[in-house]
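To start, the structure under review is shown below, and the notes come after it.
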Amino acid sequence: MVDTTRRTFLLSSVGLAGSCLLPRALWAAGIGGGPGGKASLPMRHGESPVAPREQWLLDFDWRFAFGNGSDPAKDFGYGFGQGDFSKTGDFKLATAEFNDAGWRALDLPHDWAVELPAVHDDSGDDDTRLTSHGYKPLGRRFPTTSVGWYRRTFELPESDRGRRIWIEFDGAMRDVVLFVNGCFIGQHDDGYTPFRFDLTDFLNYGGKNVIALRVDASFGDGWFYEGAGIYRHVWLTKMDPVHLGRWESVVRSTVEGQAAALALATRIENESGHAVHASLEWSITDASGRVVAHATTPAQAIAPNASADCQATARIDAPKLWSPDEPHLYTALVKVVVDGAVRDAEQFPFGVRTAAFDPERGFFLNGKPLKIQGTCNHQDHAGVGAALPDRLQSFRVEVLQGMGCNAVRTSHNMPTPEWVEACDRMGMMMMCETRHMSSSPSGMQQLDVMVKRYRNSPSIILWSIGNEEWRLQKGALEHQGERIGAAMVARCHELDPTRVVSAAVNGDNEQGVSDALDVIGFNYNLKYPDAFHREHPTRAVYGSETSSAIATRGEYVTDPKKNTVNSYDGVVPWGETPEQWWSFYGTRDWLAGGFAWTGFDYRGEPTPYGWPSVNSQFGIVDLCGFPKDYYYYYKAWWTKAPSLHVFPHWNWAGKEGQEIPVWVYTNLDEVELLLNGKSLGIQKVPRLGHVQWKVTYAPGVIEARGRRDGQVVLVERRETTGTARKLRLAADRSEISADGQDVAMITVDVLDGHGRPVPTANHKLAFRITGAGKLIGVGNGDPNCLESDKEPKRSLFNGLAQLIVQSTDSTGTIHIEALEEGAEQSLTPASVTVTTRKAAARLVVA
Ligand code: GAL
């Protein structure tokens, strides 16, 4: 709740400031009508509302129950007879009459698929069995676990009467039917685009309101794990009937010498029932909050139920350009003014930068060549599945940046807003991809939403209209491919003339959809780009999807009986090891770089195995974000600082006298390898390559000494460790926000008697979380682990496990303990404490 002091302060500042705009949360906490607030959330990304508009977070205190995909009697009677949609207001489940006391209480974002035990189903082919979905029982054959109902009750103040009130879903998987106060409101049927409904006419003002929605995950949008349920945020947005159009506010910048010319555009919509004269006021602030540019548009008449598109220009002198190294952001604030009063306002970040693809010289950012060192990623993480807390998005960006990754591809769907926000803020470029390559109304709707939603984000350098649509590339629908591609590309250009458009094509790019593309993307197939470049020297090319190397973290032997893949050179037949693809893309100036499949492991697609493998092994890091050895190949060649990594570990009891391959990834000139102090020789490091030895195993120390210009710059050792003795816990941050959403990422490992991490430990552990937080997920990165992601226990996998601990809305401390499960208890337990600090004010529906 907002405390009295803050409330008092706010009221007095409103009094002093008159009609000035306060940040949306502060304004409303002080004077806005509505249910009380809970703790805080950072400013929402995208078009953040500013007073008088309010955006209330509706994530907390939902009720959930499984319905049924085939039996209406077990689906709360839904579809039992004919009545569900027959009369407005008659749908009982969305009224106070319905008793949901037996339903489970939960907070959003929520993914029920990650909570389900995996089911061994290898029936049929790839399209029909559960393999691609991580063996989670979703689909029409699993009706008891494929449909979920969510309910929520909330009060609305009488003072909201006269405002337009929307419920906004950032995304749900997958088919949603929404009812409010007994009334059918609408449907949405794709898993990735945000959607909203205007509830104004259906609400009780000064009384109780009931929301009920049925989410059906029987159908999927992909061939990878996608989650199920309301896996992104939900908001209640209140605005004046005269307001800005959704995602219509755009700032386009052009760098002109030492200045940036800004083209400002937005739309005013008039739902007030009478004509108004509305003007706009724009102000642009830099990161310190200083206003650096300003613009106004003259008042213009807008008829009832009409809208007006408005343009203005402004200029920033000596702008600070956005780049991965220096991700400078500006904020645009736009207000709608009618008769001197601000009726609506929103603000959003944008960046000033130039981006261009050159057919001869690759990608240029701000006029300088920059190779795209990219990874493709699904949105899926250990412990939480598709329901990623916002902080986890930044955590994942940090992990990828650690190896020099400067770009992500949002394969194969529109990303969540907080992922884009993290990339804008942290300097990660993006290729933003829509789910369906189609110019059908639904395909174009998805594309429209994606481009409009994110066109102000400087991180996005490229739109992608889809991935590997074989029939549209070459095949039965090749000519349809040309037309569909042309329509989609034209629509992107219309909505966003500042960016080029591509697609991820698995073929020679000679026909079909490729004809329409601004920039040519090759998936795999290193045999094609050279010939394509020779034949089409005026077309810019990059690797839209590369590699598909596979590795099990901490495993060095490919063993089909254990479903493991070695960490040296595992790769699928259609793919390339990191060294193979980067030696190709990294050595041709005309290639703009590329996106490796994938940054993180994800559930589903457990290639090359099936059950009990439930995760992919394609990640450069595992499902928790723990690096595999390939990570250090990229670190060596994608970052400038000296780097050196020697592997494998040196715990090979029983293999004494046998040869073990020892590899070193480094960007230094040469490496000397020593076993127990004895040199095994010096090797020169090939550019973009690695060095390797075969070492006859003896326990002790393997040591790599990396030299540059004859000097030892870095030394790395792997030591044979003793028995595991003592657990260790480490939090990524010692302090998090007490907002019920922030998370601390806890790494668990285990040390021997000399304090050395034991890389082969696989003990079963149990966890206890007390104080101002709760456990929301556990993982260990093992693609073959069938243990629960939600229970407070997990085995270590090759020495590591991860806990995701979330704050509540109380300040205080979270105490996290780990101990060994079972009677033996040979490991000393460990604990760590995370402090939860008071969060900034925000609006939360109570
Ligand atoms: C690609 C596809 C990806 C993934 C990958 C695995 O062809 O675009 O989604 O399936 O193969 O190698």
With the condition kept exactly as written, say whether any residue in the stretch 250-257 is small (Gly, Ala, Ser) and open to solvent by less than 10 Å² (accessible area, probe 1.4 Å).
-> no
Check the stretch 560-571 and report whether any residue there is within 15 Å of the ligand (Cβ to nearest atom), free of Cβ contacts under 8 Å to residues at least 40 places away in the same chain and not in a helix (DSSP H, G or I).
-> yes
For residues that are under 20 Å from Leu388 (Cβ atoms) and in contact with a helix residue (DSSP H, G or I) (Cβ under 6 Å, 6 or more places away or on another chain), scanning just the stretch 594-620, find the one that is nearest to the ligand (Cβ to nearest atom).
-> Glu605
State which residue pairs qualify: first residue touching a residue at least 40 places away in the same chain (Cβ under 8 Å) and inside the stretch 466-477, second residue open to solvent by 40 Å² or more (accessible area, probe 1.4 Å) and within 14 Å of the ligand (Cβ to nearest atom) in any location, beta carbons under 6 Å apart, and separation of 6 or more residues or different chains.
-> Glu468/Asn506
From the list Ala260, Ala212, which one is in the same structural domain as Cys310 (by TED's automatic domain parsing) and surrounded by 19 or more Cβ atoms within 10 Å (Cβ to Cβ)?
-> Ala260
Residue list for the stretch 570-585, filter: crowded, with 18+ Cβ neighbours inside 10 Å and under 28 Å from the mean Cα position of the chain (by Cα) = Gly570, Val571, Gly575, Glu576, Thr577, Pro578, Glu579, Trp581, Trp582, Tyr585
Single match in Gly599, Gly610 (criterion: within 30 Å of Gly222 (Cβ to Cβ) and modelled with pLDDT under 95) = Gly610
Examine the stretch 623-635 for a residue that is closer than 30 Å to Ser123 by Cα and within 16 Å of the ligand (Cβ to nearest atom), and state whether such a residue exists.
-> yes
Among the candidates Gln379, Gln393, which residue alone is in contact (Cβ under 8 Å) with a residue 12 or more places away in the chain and within 16 Å of the ligand (Cβ to nearest atom)?
-> Gln379
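The values are calculated or read from the model by the stated rules, or taken from the named source; none is laboratory data. This structure is a prediction, so every number in the text was calculated from the model and none was measured. Please note: Cβ atoms are built from the backbone with ideal geometry, for glycine as well, and neighbour counts cover all protein chains shown. Ligands, DNA and RNA are stripped out before the accessible areas are found, and what is left, the full protein with its side chains, is counted by its heavy atoms. Shrake-Rupley method; radii C 1.70, N 1.55, O 1.52, S 1.80 Å.
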